[in-house]
Structure formats: structure tokens, C-alpha cells
1. Taking the stretch 70-88 on its own, how many of its residues are of a type in the set (Gly, Ala, Ser) and within 11 Å of the ligand (Cβ to nearest atom)?
2. Examine the stretch 69-77 for a residue that is modelled with pLDDT of 95 or more and open to solvent by 20 Å² or more (accessible area, probe 1.4 Å), and state whether such a residue exists.
3. Test of understanding: among ALA320, ALA299, ALA259, which residue is within 30 Å of VAL121 (Cα to Cα) and modelled with pLDDT under 95?
4. What number goes with the only condition from (1) among the β-branched types (Val, Ile, Thr); (2) open to solvent by less than 10 Å² (accessible area, probe 1.4 Å); (3) away from the ligand (no atom under 16 Å from the Cβ) that VAL289 does not pass?
5. Got a sec? Which of LEU226, LEU172 is of a type in the set (A, V, I, L, M, F, W, C) and at pLDDT below 95?
6. Among the candidates ALA259, ALA242, single out the residue that is over 14 Å from GLY197 (Cβ atoms), touching a residue at least 24 places away in the same chain (Cβ under 8 Å) and among the hydrophobic types (A, V, I, L, M, F, W, C).
7. Counting just the residues of the stretch 312-340 that are part of a helix (DSSP H, G or I) and open to solvent by 60 Å² or more (accessible area, probe 1.4 Å), which one comes out nearest to VAL245 (Cα to Cα)?
Amino acid sequence: MLYHFLYPLAADIRLFNVFKYLTFRSIYAMITALAVAFFIGPWMIRKLEGLQARQVIRTDGPESHLKKQGTPTMGGVLIIASILIPTLLWSDLTNKYVWLALFIIVGYGIIGFVDDYKKVVEKNPKGLTPRQKMFWQVLMAAAVATFLYIIPEFSEELFFPFFKKLHPDLGLLYIPFVTLVIVGASNAVNLTDGLDGLAIGPVSINAATYMIFAYIAGNFKLATYLQIPYVAGTGELAILCAAMVGAGLGFLWYNSYPAEVFMGDVGSLSLGGGLGTLAVLTKQEILLVIVGGIFVVEALSVIFQVGSYKYRGKRIFRMAPIHHHFELKGVAEPKIIVRFWIISIILALIAISTLKLR
Ligand code: 57M
């Protein structure tokens, strides 16, 4: 919004020229997100406690979690507000890619909010059924995928790291592919959110990485030099990514061990869907497997555990997702969390390095 009101003033007052620059607006989107999280955070936590939005801890989980009973949850409302306000304030609101990403972030947040509300406020342990959640996730993701397929300026080609000449055009298959990326990322982050700060740390690292990818993909000279797909207009997504980093760090202030608040499905489904959408819009879906490697490993650990139990009658891990396996092996929760963050940072550096290795 500020871009629309203040940049035109640059004609008379040179100072306002600064509102043209993505770097300036990204930095202040991040700062605004942090400020929103710090100012609204305490009030939001008290509100969630008042709403009795308190986590019910399953008895079949690790014993160490029982002491977490009653922790306020649905803190994802704070994260989404901390992303939305700076993005609406600092980005170019005529940019369709920003609205596509916000559509998924808010839409998936609503799915998670309804699920959380049924579970923690209405005390209905089932919440939304997995089928209901999946229906709405697929519907919203398919809507974004179809829109991208229809607009002529957005290609349906799939790009791979390292292989600059390999970019097959998926055609109509692009729609199920994009749907899979967005829904898969959403559910992988959801599974990962099982220890204090375990999801929000890697989400913030992923958002910072996609901030770089968005900036480069939207810059013709840089994209051409690095031989990555140029997608006119995706530069504005760097502002949304910056807001996501600020919102993530702001939430981590309260979610770090021992957590004062959990994000709930409202946060995990929303952030995962947002990361999947950013990967699609910057045409770096395959790199999401590397940058989001923590989420991939968490989801695969569940798939392999359930598959092994079903077909072999025995487990691979002491408990899935894999963070519970380390807990049951006696690794302290904070150590698991920080080590997952360190691995996430290493994966992000590897992903960024692939931009040069082509
Ligand atoms: C999402 N939710 C956390 C919190 C958070 C198929 C199966 C793998 C599904 C999976 C499952 O239920 N996943 C749901 C994970 C839950 O966190 C809440 O959910 C939100 C995220 N969606 O924001 O509101 C618990 O995680 C802990 N937590 C923290 N700190 C945080 O900052 O400590 C969360 C955030 C919270 C709290 O204890 O209650 C969760 O773990 O449910 N199921 C599981 O993950 C279960 N695994 C399992 O059953 N494994 C089986 C099979 C099915 C693979 C096996 O290994 O044989 C584990 N989770 C629980 N109990 N709660 C183990 C049993």
C-alpha cells in the first residue's frame, strides 16, 4: 500500500524514490512483521488462553510431552497476522503472485483454524476429518494451479537444479503437480510441528531462502546470468518472504523451548502451503525438496513407519515422525530442535549454491 501512496511522491521529493526498491521494502516488511509479532504476541496469547484454546496432549505420545498439557495453541493466528499486515503495507498490491500466495496462506489458515477450534475449543478430538481437510486443501491448491495454467505469461515447464537444459513442459499435468507440491508441503510442515520451535525455525530459514530466489527470479539480468527461469513480477514475493521470516522469528520468541504457545494447524497448514506456493511461483519446486529437507524427512519417516508396520508388522523408528524417535532415544528436546535448525541452514546453503552450479 505504501508503495502506491509514497512512490509517486518521488517525482517531487527524491527521498520517496526509496519505495521503489524491493530490498528496502523487504527489510521493512521483515521489521514490521517482527514489530507486529512482539506487540500483538502477549495480547494474542492471553486471548487464546481466555478462549480456552489450550493444547490437549495425547497420552500415546512421549511422556515428556505430558507437562505441555494446557499450553495455548492456535498461535498461527498471530503468525498469519504478522505476515498479512506487512505484505499489504509494503508490497505492490497489483501483483497477482502476491495475491496467489496470500490466498493459500489465509485459505489454509482458515482450514487449520476450523480444525483447531473444533478440537481445542469445542473439545471435539476429531476436529475436521482428514478427508475434509484434504478436500479443501486440494480445492484451493488446484484453483491456484489452474489459474497459473491459464495465464499465458506463466510457463508450465519444470526446472531442475544442476541441469539447465532439462525443463520439460508438463502441460495439463502441471495442475496436479502444483496441487501435490502445495498440499504436500502443507502437510509435511504440519507433521514437523511436534516440538517447541521445530517447525517455525526451518520455515523461517526456508522463507529467507525463497526471498533470495524470488528476488533473482524477478530480476531479468540476474536470472539470465544465473540461467534460472525469469518470472516477471515474482520479485514482489521477496517482500512476502521477508514478512514470513519476520513473523517466524517473532513467533519463535514465544514458541522457543519451553513454548508459551503452539502454532496449531492454523499455523502449520498455512505456512507449509505458503512455502509450497512460493516454490511454485519462483519455479523452484525441486529445490524445495532440498531447502525443505527437514519437512521431507519428517514426512518420509511417517510414510516408512506406517508402511513398515502395515506390511512387516514392525516399526523402523521408536516413534514417527522422526523427532519423536530421537526423543525416545533420550536426546533432550532443545538439542533435537537446534540440530534440526542447523541442518536446515546447511540445506538452505546447498540449495542456494545450486544457483551457480549449472
Ligand atoms: C500434527 N501435531 C503434534 C500443536 C501444533 C499419521 C501420524 C504420523 C499423524 C501424527 C499427527 O497427529 N500429526 C499432527 C502434529 C502436536 O502439536 C499440535 O499440532 C499442531 C501442529 N499441527 O501446533 O498444536 C503435539 O506436538 C507437540 N508440540 C510441541 N511443541 C510445539 O511447538 O511440543 C507441538 C508444537 C502437541 C505437543 O505435544 O500436542 C503431534 O505430535 O501430534 N501423529 C503423530 O505425530 C504421533 N505419531 C504416531 O502416532 N506415530 C505412529 C504411526 C502413526 C506413525 C508410530 O510411530 O507408530 C505422535 N504425536 C502425538 N502422540 N501427539 C506420537 C503420539
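The values are calculated or read from the model by the stated rules, or taken from the named source; none is laboratory data. Computed from a predicted structure; not experimentally measured. Cβ: placed from backbone, ideal geometry, glycine included. Neighbour counts: every protein chain shown. Only protein heavy atoms, including side chains, enter the accessible area calculation; ligands, DNA and RNA are left aside. Shrake-Rupley method; radii C 1.70, N 1.55, O 1.52, S 1.80 Å.
1. Summing the residues that are of a type in the set (Gly, Ala, Ser) and within 11 Å of the ligand (Cβ to nearest atom) in the stretch 70-88 gives 3.
2. Checked against the condition, which is being modelled with pLDDT of 95 or more and open to solvent by 20 Å² or more (accessible area, probe 1.4 Å), the stretch 69-77 yields at least one hit.
3. Exactly one of ALA320, ALA299, ALA259 is within 30 Å of VAL121 (Cα to Cα) and modelled with pLDDT under 95, namely ALA320.
4. Exception for VAL289: condition (2).
5. Step by step, each of LEU226, LEU172 is checked, and only LEU226 is of a type in the set (A, V, I, L, M, F, W, C) and at pLDDT below 95.
6. The unique qualifying residue is ALA242.
7. VAL338
So that you can scan it fast, the table gives a plain yes or no per residue for (1) among the charged types (D, E, K, R); (2) touching a Lys or Arg at 6+ places or on another chain (Cβ under 7 Å):
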{"site": "TRP99", "(1), (2)": "no, no"}
{"site": "GLY107", "(1), (2)": "no, no"}
{"site": "ILE111", "(1), (2)": "no, yes"}
{"site": "VAL114", "(1), (2)": "no, no"}
{"site": "LYS123", "(1), (2)": "yes, no"}
{"site": "GLN132", "(1), (2)": "no, no"}
{"site": "VAL144", "(1), (2)": "no, no"}
